[in-house]
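Enquirer: Before I ask anything, here is the structure I am working with.
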Amino acid sequence: MSGGRPGMEPTSERDMRAAEYALGTLDAQDRAALQREASQDPATASRIDEWERRLAPLMGAVPPVAPPPRVREALLRALPDVGGAARDELRQLRRQMRRWQVAAAGSGLLAAGLALFVAVGSSRSPAGGRYLAVVQGGGALPALIVRVDTQTGLAQVRPVGADAPAGRSLELWYVGAEGAKPLGLVGAAPSQVKLPQVTAPDGVIAVSVEPPGGSPSGQPTGPVVYTGKLIAE
Amino acid sequence: MADDATLRRLLAEIARGGADQLAELYDLTSPKLYGLILRIQRDRALAEDVLQDVYLRIWQAAGAYRPEAGPPLPWLCTIARNRAIDSVRRKVEHQGPELDHGEDWVARLIDPHDGAADFLDRNALLACLGRLDPMHRDCVVLAYCEGQSREDLARHFDRPVNTIKTWLHRSLAGLKTCLEAVS
């Protein structure tokens, strides 16, 4: 499209972009841009949803085709084999995350929830074991930059524009097989935290919004919204 | 095709980590999803990759399915269509020859194969498609069912890309107005 600032387009133009996304006629660049926009802007996401619903009956016209059996075999082989306890923790956090996404989409309070999930699993470790995550809190500017080094077992947390919601604290967590372990609060200044000795595959690092001084229960209680992407350094 | 209640139950169990249920969901829905993907991504090897990727996404995203947002099959099909479109848009050159040129998708919708009744509001969409200029309607339907890009459509209809874009926008705006009036 015009490539300008999406927020400045008239409503009808934004609606047409969503319509063409659902129809499938946007090019790769515009599709990717709109997917990014939808992940941060509930209004864009719901415009796309509406168009997908409007056009969905056309899918009934396309006849089924049985896929070759090798796809099923490859799919079942590809399912991640996560240990029971870690899986429960992950599931619990994911559920919490989804609840917050729903709540944030409904109330436009995306900026109130700041969180990050960082997989520190060795299976996906890049060379050197270093990751960078830029966490956004719903606005255009990054809120936190987190560097994870699985070799030294340290994570550096650098707040950029991170204001915890009034009267709340941001808390960093490691979630592994033994449950969620608090790593410390995210302050206004850059800080360094030590990851637990055992960082199991598929463990995650999360940032949640908690009452002042951190979670009273020793477990994450506050809003968890996935907004950060992990980049191998 | 499985009923909504079965698919909802399977999605809920997959969200809790049920791998067997993912296999069951695959057995029930993969022909429909593969049919959709293959119409768009005509390279069979790539279409198979898309299908596997779609079910891995379903495995991860099953908990995000909300029953109040609509029945489960269109939700699954939409994931499949979007990944298939992503896969063909990433390639600069449109792949391969068309399977059977001139498929009448609207006629198929009127006299649907198995499964078409799973999609709600079929009649409303049919009625509204019927009010569009026939060429504009073909543009919309070819884009949707076969994943044709604006450039593909421009070649197909021998018109400039900008004309196609105008047709699409006019048709989509017309469909929206019409669907809002009939629903």
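The values are calculated or read from the model by the stated rules, or taken from the named source; none is laboratory data. Predicted model only: the values in this text are computed from it and were never measured. Quick reminder, even Gly has a Cβ in these numbers, built from the backbone with ideal geometry, and neighbours come from all protein chains shown.
Enquirer: Of the numbered conditions (1) at pLDDT below 95; (2) under 17 Å from residue A:59 (Cα atoms), residue B:143 fails exactly one; give the number of that condition.
Expert: Condition not satisfied by residue B:143: (1).
Enquirer: Which residues, taken from the range B:153-181, are assigned to a helix (DSSP H, G or I) and farther than 18 Å from residue A:19 by Cβ?
Expert: Just the residues of the range B:153-181 that are assigned to a helix (DSSP H, G or I), to begin with: B:153-157, B:161-181.
Passing the criteria: B:154, B:155, B:156, B:157.
Enquirer: Testing residue A:166 on (1) at pLDDT 60 or above; (2) within 17 Å of the chain's Cα centre (by Cα); (3) outside any strand (DSSP E or B), one condition comes back false. Which one is that?
Expert: Single failed check for residue A:166: (2).
Enquirer: List pairs: first in the range A:212-223 and of a type in the set (Gly, Ala, Ser), second surrounded by fewer than 19 Cβ atoms within 10 Å (Cβ to Cβ) and at pLDDT below 70, Cβ under 6 Å, 6+ apart or cross-chain?
Expert: Once the first residue is of a type in the set (Gly, Ala, Ser) and sits in the range A:212-223, its partners that are surrounded by fewer than 19 Cβ atoms within 10 Å (Cβ to Cβ) and at pLDDT below 70 give A:215/A:221.
To keep it simple, each residue is scored yes or no on (1) on the phi > 0 side of the Ramachandran plot; (2) surrounded by fewer than 18 Cβ atoms within 10 Å (Cβ to Cβ); (3) facing chain A (nearest Cβ under 10 Å); (4) of a type in the set (S, T, N, Q).
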| position | (1), (2), (3), (4) |
| --- | --- |
| B:127 | no, yes, no, no |
| B:130 | no, yes, no, no |
| B:140 | no, no, yes, no |
| B:147 | yes, no, yes, no |
| B:157 | no, yes, no, no |
| B:166 | no, yes, no, yes |
| B:171 | no, no, yes, yes |
| B:174 | no, no, no, no |
| B:180 | no, yes, yes, no |
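Enquirer: Mind checking which residues of the range B:6-23 are surrounded by fewer than 23 Cβ atoms within 10 Å (Cβ to Cβ), within 11 Å of another protein chain (Cβ to nearest Cβ) and assigned to a helix (DSSP H, G or I)?
Expert: B:15, B:19, B:20, B:22, B:23
Enquirer: If you scan the range B:24-43, which residues turn out to be within 11 Å of chain A (Cβ to nearest Cβ) and among the basic types (Lys, Arg)?
Expert: B:32, B:39
Enquirer: Okay, next question. Please count how many residues of the range A:9-58 are without any contact (Cβ under 8 Å) to a residue 12 or more places away in the chain, in a helix (DSSP H, G or I) and of a type in the set (D, E, K, R).
Expert: 5
Enquirer: I'd like to know if the range B:111-119 contains one or more residues that are at pLDDT 90 or above, in a helix (DSSP H, G or I) and at the interface with chain A (Cβ under 9 Å from one of its Cβ atoms). Even if it seems obvious, please write down each step before you answer.
Expert: Here is the first cut: in the range B:111-119, the residues at pLDDT 90 or above are none.
Within the range B:111-119 (the criterion being at pLDDT 90 or above, in a helix (DSSP H, G or I) and at the interface with chain A (Cβ under 9 Å from one of its Cβ atoms)), the answer is no, since none of the residues qualifies.
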